[in-house]
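The values are calculated or read from the model by the stated rules, or taken from the named source; none is laboratory data. A quick note: this is a predicted structure, and the numbers were derived from the prediction, not measured. A quick note on method: Cβ atoms are made from the backbone with ideal geometry, for glycine too, and the neighbour counts reach across all protein chains shown.
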């Protein structure tokens, strides 16, 4: 979490993990979601908050999911189906089901295929938001596999040199197992920042730093600026920039990576690309790589430990405390938040109490 988004301890409310889970499950149940799926959806969201990925936890996403169910845009009981299948691949129609519930099931299919033939890949179309992409990638870790997850989202990104959003934030997540070190877990949007960070900025009343968004003409705004109001119709006048911000700083690389995600988790699903006017929702892709199919698993995990220790013991730059690697800060946050409770902005607690009262369910926060 960037420092500008961190609340001081005195300004936040900590909630025990079990109380949060119970409340989230109860909300999903009120939406007509089957019990097992309620627990799965809650696990995806709470896992994000435990790992300090607030942008994809209950704070931002649960209210959006509730709205999707209430407006009949999301199917609480989807009859998802496999459209095509080979020993190493499958293509799924999600039947408008929520991605945080269907993507883990798709990853389990990919894992089973990888056990048999070394690799497994599953694409998903006609889906809805999948939450923290790394959750699905990390499902492969306990099987001593490398997990990959990508998702093609509605357009928010300006192409390099473009004045209209044409690509989504299109995140990529990869998780690799280790022996003694915290697993390597990379999870990042191909925009400079995840779109949900704009919501955090609005909630906290902080400005966006230079290089996050472009103006109505597509020009990168290279000074502190207020976060745009919510809604795609407003964001079209100030859209997210690709990773790199400007051509000189490498925005063509973030733009290109977003296109890679669009091909693999958008076009390849048969569900179309994000900016296609007829496409509704999200499309996804998950994959699992069985390490034993490539090399000795024990050797791989030992080498991963050696490599990660090398990275984190690198001499820090002047003014910096230490060098981190992807997945280490989140692993440390999870240990802390399990012990002390998950931190939330008071506004989030107010929303929980309000929605629970509206649904006539107990709120333990």
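Scanning segment 312-334 for residues that are over 20 Å from the mean Cα position of the chain (by Cα) and either touching a residue at least 40 places away in the same chain (Cβ under 8 Å) or assigned to a helix (DSSP H, G or I) (or both) gives a single hit, 312.
Would a scan of segment 149-160 turn up a residue that is touching a helix residue (DSSP H, G or I) at 6+ places or on another chain (Cβ under 7 Å), part of a helix (DSSP H, G or I) and at pLDDT 95 or above? Scanning segment 149-160, I find no residue that is touching a helix residue (DSSP H, G or I) at 6+ places or on another chain (Cβ under 7 Å), part of a helix (DSSP H, G or I) and at pLDDT 95 or above, so the answer is no.
Quick one: is residue 161 under 30 Å from residue 312 (Cβ atoms) and surrounded by fewer than 24 Cβ atoms within 10 Å (Cβ to Cβ)? If you could, list the steps in order and put the result at the bottom.
On the way: under 30 Å from residue 312 (Cβ atoms): no; surrounded by fewer than 24 Cβ atoms within 10 Å (Cβ to Cβ): yes.
Spelling it out, it is not the case that residue 161 is under 30 Å from residue 312 (Cβ atoms) and surrounded by fewer than 24 Cβ atoms within 10 Å (Cβ to Cβ).
Checking each residue in segment 242-280 for being in a loop (DSSP other than H, G, I, E, B), farther than 23 Å from residue 208 by Cα and within 18 Å of the chain's Cα centre (by Cα) picks out 266, 274. Can you spot a residue in segment 54-62 that is touching a helix residue (DSSP H, G or I) at 6+ places or on another chain (Cβ under 7 Å) and under 30 Å from residue 113 (Cα atoms)? So far as segment 54-62 goes, yes, one or more of its residues are touching a helix residue (DSSP H, G or I) at 6+ places or on another chain (Cβ under 7 Å) and under 30 Å from residue 113 (Cα atoms). Within segment 170-197, the set of residues being under 20 Å from residue 146 (Cβ atoms) and part of a strand (DSSP E or B) comprises 172, 173, 174, 175, 176, 184, 185, 186, 187, 188. When the criteria are applied in full, residue 250 fails the requirement of being out of contact with any strand residue (DSSP E or B) (no Cβ under 9 Å at 6 or more places or on another chain), modelled with pLDDT of 95 or more, at positive phi and surrounded by 15 or more Cβ atoms within 10 Å (Cβ to Cβ).
For segment 11-22, name all the residues that are assigned to a helix (DSSP H, G or I), at pLDDT 95 or above and either out of contact with any helix residue (DSSP H, G or I) (no Cβ under 7 Å at 6 or more places or on another chain) or buried (at least 23 other Cβ atoms within 10 Å of the Cβ) (or both). Write out each step before concluding.
First pass over segment 11-22, keeping only residues assigned to a helix (DSSP H, G or I): 11, 17-22.
Retained after the next criterion (residues that are at pLDDT 95 or above): 17-22.
Listed by number, the residues that qualify are 18, 19, 20, 22.
So, residue 130, is that one at pLDDT 95 or above, part of a loop (DSSP other than H, G, I, E, B) and surrounded by 24 or more Cβ atoms within 10 Å (Cβ to Cβ) or not? It is true that residue 130 is at pLDDT 95 or above, part of a loop (DSSP other than H, G, I, E, B) and surrounded by 24 or more Cβ atoms within 10 Å (Cβ to Cβ).
Condition check: surrounded by 20 or more Cβ atoms within 10 Å (Cβ to Cβ), touching a strand residue (DSSP E or B) at 6+ places or on another chain (Cβ under 8 Å) and not in a loop (DSSP other than H, G, I, E, B). Does residue 227 satisfy that? Don't jump to the end; show me each part of the working.
On the way: surrounded by 20 or more Cβ atoms within 10 Å (Cβ to Cβ): yes; touching a strand residue (DSSP E or B) at 6+ places or on another chain (Cβ under 8 Å): yes; not in a loop (DSSP other than H, G, I, E, B): no.
No.
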